[in-house]
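*Asks:* Handing you this structure, nothing more for now.
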Amino acid sequence: METYQLANGLSIPVLGFGTWQAKGDDAYQAVLAALKAGYRHIDTAQIYGNEAELGRAIKEAGIPRQELFITTKIWNDKHSYDLAKESIQESLAKLGTDYLDLILIHWPNPVTLRENQAWEQANRDTWRAMEEMLAEGTTRAIGVSNFMIHHLESLLVTAKVKPMVNQVLLTPGCPQTELDAFCQEHNILLEAYSPFGTGKIFSNPGMQEMAGKYGKSVAQVALRWALQHGFLPLPKSLNPVNIAANLDVFDFELSADDMIDLDQIEASAYQSNPDERDF
C-alpha cells in the first residue's frame, strides 16, 4: 500500500477502510475481510458504535499492531479537556490497543454548543487534550472531521499543533475546492468519507460512462479521482468481493480532462453544513 506523509512525518496508507453504519457482526466480518484483502488502515468513530467489533476483528486477524493504522473520532458529547481524555481511554479499551494512530474531533460545532459560539472554546479545550495525548504517545497524529475553513481558522488561534488531517465528504462533483486549497496551504491532508456519494454515485450516467471508458467499476473510478486529487478515500463495503475490488485502483490513471469532467459532474452528495445540523 502506498502512503502519504502527514505534517509530523508519520506515514498513512493512501486508502483506508471506512466503517460508518457497519454494526455488530457485519462490522466484525467486514473488517476481517478488509484486513485479509490487504487493508491496513481502518477508520471508525465513537458514535459508530462498532469499536469493540473492530477490536475483535483486529485481534483475530493477528496482524502486528505496528502494521496497522487505526483512527477513531471524539463525539459531540465529549467536547472538553477531561471528557475527551476519558472518551479516548474508553475507545482504546474497546479497540484493544495501547495507542491510536489518529484521533479526530468528529464535528466542529455540536448543536448544544452553538449559543454564543461556545463550540470555539470547546474545540480548543478538546484540542489541548489531544495535543497532550499526542505528546504522551496515546496517539501518533491528531486531526479533525467536517471542519470548514472558519472552524479551522478558529482552532488555529490557540493550537500549538496544527490538525494533520481533515476528514470531509469528497466525491466526484464535490471536490470542495476552496477547502482543499486552504488545507493544502496548512499542510492538512484531506480524507474523503463517503467517496461514493453515500452510494448514489453508482446510478450516475456520467460515472457509468467513465467507468466503461477505463474498463473499471464506478467505485474504482471514484477512488482513483480522489487519489489523483491527493485525497485519502475511505471506501466502505460489507461485500468481500467489493472490499477487495476497491483496492484495485493503482494500475490506471484518469486523464487531466476526465479529472475536470469528474470535478464538474452532477454530484450525488454534498458536504452538509456543520453549522446547521441538528446534533
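The values are calculated or read from the model by the stated rules, or taken from the named source; none is laboratory data. What you are looking at is a predicted structure, and each value in this text was computed from that prediction instead of being measured. Please note: Cβ atoms are built from the backbone with ideal geometry, for glycine as well, and neighbour counts cover all protein chains shown.
*Asks:* List pairs: first in the range 157-174 and touching a residue at least 12 places away in the same chain (Cβ under 8 Å), second among the β-branched types (V, I, T) and in a strand (DSSP E or B), Cβ under 7 Å, 6+ apart or cross-chain?
*Replies:* V161/I142; P163/I142; P163/V144; M164/I142; N166/V144
*Asks:* With respect to L238, determine if the residue is part of a loop (DSSP other than H, G, I, E, B), modelled with pLDDT of 95 or more and more than 26 Å from L6 (Cα to Cα). Give the derivation first.
*Replies:* On the way: part of a loop (DSSP other than H, G, I, E, B): yes; modelled with pLDDT of 95 or more: yes; more than 26 Å from L6 (Cα to Cα): yes.
It is true that L238 is part of a loop (DSSP other than H, G, I, E, B), modelled with pLDDT of 95 or more and more than 26 Å from L6 (Cα to Cα).
*Asks:* Tally time: how many residues in the range 185-208 are closer than 18 Å to A22 by Cα and modelled with pLDDT of 95 or more?
*Replies:* 4
*Asks:* Now for a separate question. Looking only at the range 183-204, filter to residues that are farther than 21 Å from A269 by Cα and of a type outside the set (A, V, I, L, M, F, W, C); which one of those is surrounded by the fewest Cβ atoms within 10 Å (Cβ to Cβ)?
*Replies:* E185
*Asks:* Can you tell me which residue within the range 255-272, out of those that are among the hydrophobic types (A, V, I, L, M, F, W, C) and under 27 Å from N146 (Cα atoms), is modelled with the lowest pLDDT?
*Replies:* A267
*Asks:* Oh, and also: Farther than 29 Å from R65 by Cβ and within 19 Å of the chain's Cα centre (by Cα): does that describe P108?
*Replies:* Yes: the conditions hold for P108.
*Asks:* Failed condition for L234, given (1) touching an Asp or Glu at 6+ places or on another chain (Cβ under 9 Å); (2) without any contact (Cβ under 8 Å) to a residue 40 or more places away in the chain, with all others met?
*Replies:* (2)
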